[in-house]
Amino acid sequence: MASLLLVGAMVLAGCSGSPGGTHIEPPVPTATKTPGEPMKADLTWQEAKAQTQAMELEIAALIPKDAVISIDQKKKGMLLSCNSTHHKWKGSTTITVVEGTNIEPIVKDIEAHYRGQGLKVSANMDVDKKLLIQIDPPAPGENYLVGGGVKPNEIWIDSGSPCFTLPEGIYPGGDF
């Protein structure tokens, strides 16, 4: 009976994912393509994160430099599911601007910039009646929300990378 319990515990331990939330990566990431959903087959989560953070900084660079006090890009984000087989990296950047800066015209200029590049951009008001735009590049899952932050002198960028497939053995929970 004791050996049966030990075997059962070992089987369950093997199904529970990586201990302590650590990330275990195989030497060569593998990716697949789901029919009807284009995806860059060789995109790793690290590349998706780097690409997305670069876009956050590209958006931040559109804010007039004389209005910017600081740019705080979070070093870590998290993974969210795109569907049953794909994930995307989610992160954010907060730009602190000079007190009294009118944020709405800045957000409108960012909206016009990306519309001018032919990207799909939508504009709405958030729950606090602040202008919020969503930039949707063509890659599945990739998007950027830009609007007023929690404080009156902040501009917030929330980002989502293109969808990718995690290599086997990587648990999608925790910080990435």
Exercise for the section: Inspect all residues belonging to region 59-66 and state whether any of them is within 18 Å of PRO138 (Cα to Cα), surrounded by 14 or more Cβ atoms within 10 Å (Cβ to Cβ) and modelled with pLDDT of 55 or more. Expected result: yes
Handout entry: Hey, LYS129 without any contact (Cβ under 8 Å) to a residue 40 or more places away in the chain, on the phi > 0 side of the Ramachandran plot, among the charged types (D, E, K, R) and open to solvent by 20 Å² or more (accessible area, probe 1.4 Å) or not
Key = yes
Exercise for the section: From the list ASN143, ASN153, pick out the single residue that is within 15 Å of LEU80 (Cα to Cα) and open to solvent by 20 Å² or more (accessible area, probe 1.4 Å). Expected result: ASN143
Problem - Filter result for the condition that a residue is within 30 Å of TYR171 (Cβ to Cβ) and buried (at least 18 other Cβ atoms within 10 Å of the Cβ), over GLU111, GLU56 - result: GLU56
Practice task
Spot the failing condition for GLN134; the list is (1) under 18 Å from ALA67 (Cα atoms); (2) surrounded by 13 or more Cβ atoms within 10 Å (Cβ to Cβ); (3) of a type outside the set (Val, Ile, Thr), and only one is missed.
Solution key: (1)
Completion exercise
The condition of being open to solvent by less than 70 Å² (accessible area, probe 1.4 Å), in contact with a Gly (Cβ under 9 Å, 6 or more places away or on another chain) and modelled with pLDDT of 95 or more holds, among LYS74, LYS49, only for LYS49
Fill in the blank from the handout: With the first residue restricted to region 45-62 and required to be of a type in the set (A, V, I, L, M), and the second required to be crowded, with 16+ Cβ neighbours inside 10 Å and in a helix (DSSP H, G or I), Cβ contacts under 7 Å at 6 or more apart or on different chains are ILE59/ILE110; LEU62/ILE110
Practice task
Looking only at region 130-148, count how many residues are under 15 Å from GLY91 (Cα atoms) and either hydroxyl-bearing (Ser, Thr, Tyr) or more than 17 Å from the chain's Cα centre (by Cα) (or both).
Solution key: 1
Handout entry: Residues (part of a loop (DSSP other than H, G, I, E, B) and either of a type in the set (Asp, Glu) or farther than 30 Å from GLU47 by Cβ (or both)) located in region 121-149
Key = ASP126, VAL127, ASP128, LYS129, LYS130, GLU142
Practice task
Check off (1) assigned to a helix (DSSP H, G or I); (2) closer than 24 Å to ASP42 by Cβ; (3) not hydrophobic (A, V, I, L, M, F, W, C) for GLU104 and give me the number that stays unchecked.
Solution key: (2)
Problem - Verdict on ILE69 being loosely packed, with under 13 Cβ neighbours inside 10 Å, part of a strand (DSSP E or B) and at pLDDT 95 or above - result: yes
Exercise for the section: Taking only region 156-176 into account, find how many residues are part of a loop (DSSP other than H, G, I, E, B), at negative phi and either open to solvent by 30 Å² or more (accessible area, probe 1.4 Å) or of a type outside the set (A, V, I, L, M) (or both). Expected result: 11
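The values are calculated or read from the model by the stated rules, or taken from the named source; none is laboratory data. As the structure is a computational prediction, the values presented were derived from the model and not from experiment. Please note: Cβ atoms are built from the backbone with ideal geometry, for glycine as well, and neighbour counts cover all protein chains shown. Accessible surface areas use protein heavy atoms only, side chains included; no ligands, DNA or RNA. Shrake-Rupley method; radii C 1.70, N 1.55, O 1.52, S 1.80 Å.
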